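Readers should treat all values here as calculations from the given coordinates under stated rules, not as data from a laboratory. These numbers were taken from a predicted model, which means no experiment stands behind them. Reconstructed Cβ throughout: ideal geometry from the backbone, glycine too, with neighbour counts over all protein chains shown.
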Amino acid sequence: MTDDEVRPIDGGTDRDIATTAGNDAFTDETSGEAEPFRVEITLKSFDAIGEEVRLGGPILETGGILLGHESRAGCRITLAGGPGPAATREPLAFSRDLAHAETLADQAWNHDRAIWLGEWHTHPYSPPTPSETDMAAYARHLADPDLGFDTFISIIVGRMTDLGQDEAALALVWVVDRRGARTTPLLLVEETP
Ligand SMILES: [Zn+2]
């Protein structure tokens, strides 16, 4: 992958995540059944999301970008960003701090050629499933040939306002492609491959 292929971060809301040019040929070679897509996350990145969820509190949405590496078989998230200081956080909406996301993406690319894989965000008042707004945004990104996402990864932390102080929020990871969204286990891995 060359520098030209680094996934650009667009200026939209948290749901308006964009990506890079890539291979548009997501095909099922056999039956049309979805191939299992393996989603791994480093413990450090998982903990970073947990800390941002805690800092964000149970009322306002928060989120950030997911960066890492991917192959046809799956991906490994090696960096989970926070909302950034200029983010707009509301009970039912969230807009990332674009400059913050771009800085993180540049740093990750320079560090180990990590690319933009997707996003995470919270649903304080609803289950950890993609909303219609979320799905519409993901579909736009997947359909954009300049962005070239074959698979968009979305981690959603939901129903936080239903929880007591000592309860952990429920997070689901969604693998979104042109056929729709499906959940898959989130596999925790150590930092080194
Ligand atoms: Zn959402």
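Loop-resident GluC sites (Glu not before Pro) (DSSP state other than H, G, I, E or B) in the range 106-193 with no more than 10 further Cβ atoms inside 10 Å of their Cβ: GLU167, GLU190, GLU191. A simple spin-label model places the labels of ASP47 and ALA168 1.4 nm from each other, with each point 7 Å out along Cα-to-Cβ. For a test of the definition: using alpha carbon positions, the gyration tensor, and the 1.5 limit on a/c, classify the range 58-193 as rounded, prolate or oblate. In terms of gyration-tensor shape, rounded.
Taken along the Cα-to-beta-carbon direction at a fixed 7 Å, the label points for ARG113 and ALA143 span 3.3 nm.
Hey, got a sec? Which trypsin sites (Lys or Arg not before Pro) in the range 74-142 land in a DSSP loop and have at most 15 other Cβ atoms within 10 Å?
Filter output for the range 74-142: ARG113.
Here the range 37-112 is treated as a sphere whose radius is the Kirkwood value from Cα pairs; by Stokes-Einstein at 20 °C and 1.002 mPa s it diffuses with a coefficient of 163 µm²/s.
For the range 144-193, a/c is not less than 1.5, where a ≥ b ≥ c are the root eigenvalues of the C-alpha gyration tensor, and a/b does not top b/c. That puts it in the oblate class. Taking amide H as placed 1.01 Å from N in the peptide plane, the amide H of TRP174 sits under 5 Å from that of SER154, ILE155, ILE156, each at least 5 places away or on another chain. Estimated from the Cβ-Cβ distance and a Förster radius of 41 angstrom, the FRET efficiency linking TYR125 and ARG72 is about 0.65.
Using a simple spin-label model with pseudo-atoms 7 Å out from Cα toward Cβ, GLU90 and THR133 lie 0.6 nm apart. Sequence-ordered 3J(HN,Hα) estimates for the range 111-120 from the Karplus curve with 6.51, -1.76 and 1.60 and θ = phi - 60° stand at 6, 8, 6, 5, 10, 6, 9, x, 8, 10 Hz, glycine and proline given as x.
The percentage of C-alpha pairs in the range 117-174 whose separation is greater than 13 Å is 61%.
Shown in residue order for the range 40-54 are the 3J(HN,Hα) couplings computed by the Karplus curve 6.51 cos²θ - 1.76 cosθ + 1.60 at θ = phi - 60°: 10, 9, 6, 4, 4, 5, 4, 5, 5, 5, x, 5, 5, 5, 5 Hz (x for Gly and Pro).
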